Amino acid sequence: DEKYLDLEGLAAKDENLAQNASTLSFLNSAHIPSNMTLRCCLSFAAVQYDDLQSLEWLSEPLGAPDDLVGGWNLLHYSAFMGRIEIIGWLSTQPVWNSLVSQASTRKTFVGAY
């Protein structure tokens with residue numbers, strides 16, 4: 001039986017992600033938000049593990065996500081992790097203006113852009 005990932009499905013319902021959530025530094029308290037899609041979660045994981053190729057693939061059909069996760073969007077998290085190549089790629093995406101105009105709500109970074 002082949003299984004396919006439903007990238008627009010909820011990440012919290014994925015057993016593998018739920019079991020390994022503590023290894024994902026972008027999550028607050030290793031808690032996967034109930035409304036977070038698998039595509040969004042994997043996009044943040046791609047930034048964490050400096051995997052631009054996977055981020056590009058995940059963003060191909062719908063663009064990069066602009067969700068806030070734990071108070072950060074992809075740009076905030078990329079800057080925090082020092083992912084210069086990913087920031088450069090994000091700057092070429094249609095979602096760029098949304099990302100740069102969104103302030104962080106993560107504790108200790110509140111109001112940062």
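The values are calculated or read from the model by the stated rules, or taken from the named source; none is laboratory data. Predicted, not measured: the structure shown is a model, and the values here were computed from it. Note: ideal-geometry Cβ built from the backbone for every residue, glycine included; neighbour counts use all protein chains shown. Note: accessible area is taken over every heavy atom of the protein model, side chains too, but ligands, DNA and RNA are not part of it. Shrake-Rupley method; radii C 1.70, N 1.55, O 1.52, S 1.80 Å.
General observations
- Once region 1-60 is narrowed to residues that are assigned to a loop (DSSP other than H, G, I, E, B) and aromatic (Phe, Trp, Tyr), the residue that is farthest from LEU75 (Cα to Cα) is TYR4.
- Within region 7-19, residues that are in contact (Cβ under 8 Å) with a residue 24 or more places away in the chain sit with their Cβ atoms under 8 Å from residues that are open to solvent by 100 Å² or more (accessible area, probe 1.4 Å), at 6+ positions apart or across chains, in these pairs: LEU10/ASN35.
- Candidates are the residues of region 87-113 that are open to solvent by 40 Å² or more (accessible area, probe 1.4 Å), touching a residue at least 24 places away in the same chain (Cβ under 8 Å) and of a type in the set (S, T, N, Q); the one that is nearest to PRO33 (Cα to Cα) is THR105.
- Qualifying positions in region 18-36 - at negative phi, within 16 Å of the chain's Cα centre (by Cα) and open to solvent by 30 Å² or more (accessible area, probe 1.4 Å): ALA18, ASN20, SER22, THR23, SER25, ASN28, HIS31, PRO33, SER34, ASN35
- Summed over region 59-86, the residues that are open to solvent by less than 40 Å² (accessible area, probe 1.4 Å) and among the aliphatic types (A, V, I, L, M) give a count of 5.
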